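S.K.: Quick one: the structure is below, questions incoming.
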Amino acid sequence: MKTVKVLLIGIVCIIGLTGCNSDSKETLTCTRTQNQNNIKTSLKYTINYKDSYVTKVKSVETVETSDLDILNSYKEEIENLYSPYDNIDYYEYNVVINDHKLTSTVNINYEKVDTDRLLEIDSSNGQLINDGKIKINDIKEVYENLGAICK
């Protein structure tokens, strides 16, 4: 009988220390592709989250076309959009054109970034950021509204 109790206590401890741990980090990936007017676009958002709050987001958006004027125009617009975030730690972006393909990459560490600064730059960030945090369901809804499929 004593052996059974020890065994049950051991099993409970193992379960508590492994898969049932609510501190586990998870990943949600949202993607969308579109081909219209000889312009192919692809969006991939990788969202890391813990419990129900976003910890990091990496977005990779590509635009492919043989028209370099269109790519240069996109690049200029994207750089203007992200330039206010240049001096914010843990918010990184990069936009490059290579072989008729523009790639825009944004990495945001929401565990460390100054969300108050993000709100100062663009108050519409407040649609997602509440008390310095973003809920995974809220960001998923935004990406799905853009036509992305999230898994």
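S.K.: List Tyr91, Tyr53 from most exposed to least, where exposure is judged by having the fewest other Cβ atoms within 10 Å.
M.R.: Ranked by crowding around the Cβ, least crowded first: Tyr53, Tyr91.
S.K.: Which of the pairs Lys112/Lys151; Lys25/Lys101; Lys40/Lys112 have their Cα atoms more than 31 Å apart in this structure?
M.R.: Lys25/Lys101; Lys40/Lys112
S.K.: Here is a follow-up. Kindly state, as a whole number, the per residue volume in cubic angstrom of the convex hull around the alpha carbon atoms of segment 47-117.
M.R.: 85 Å³
S.K.: Just subtract the alpha-carbon distance of Asn72 and Tyr90 from 0.36 nm times their residue separation and send over the number in nm, one decimal.
M.R.: 3.8 nm
S.K.: Based on Cα positions only, what radius of gyration and what Dmax would you give for segment 23-78, in angstroms?
M.R.: Taking only Cα atoms of segment 23-78, I get Rg and Dmax of 15.2, 48 Å.
S.K.: Need one number: convex hull volume per residue for segment 23-150, Cα atoms only, in Å³.
M.R.: Hull volume over Cα atoms, normalised by residue count, gives 106 Å³.
S.K.: Please compute the length gained on full extension between Asn107 and Glu120, using 0.36 nm multiplied by the number of residues separating them and subtracting their Cα-Cα distance.
M.R.: The span from Asn107 to Glu120 would gain 2.8 nm if fully extended.
S.K.: I've got another one for you. Pairwise over distinct Cα atoms, reciprocal of the mean inverse distance: report the Kirkwood radius of segment 85-144 in Å, one decimal place.
M.R.: 13.0 Å
Rule-based calculations on the coordinates, nothing more; no lab input. All values reported here derive from a predicted model rather than from experimental measurement. Reconstructed Cβ throughout: ideal geometry from the backbone, glycine too, with neighbour counts over all protein chains shown.
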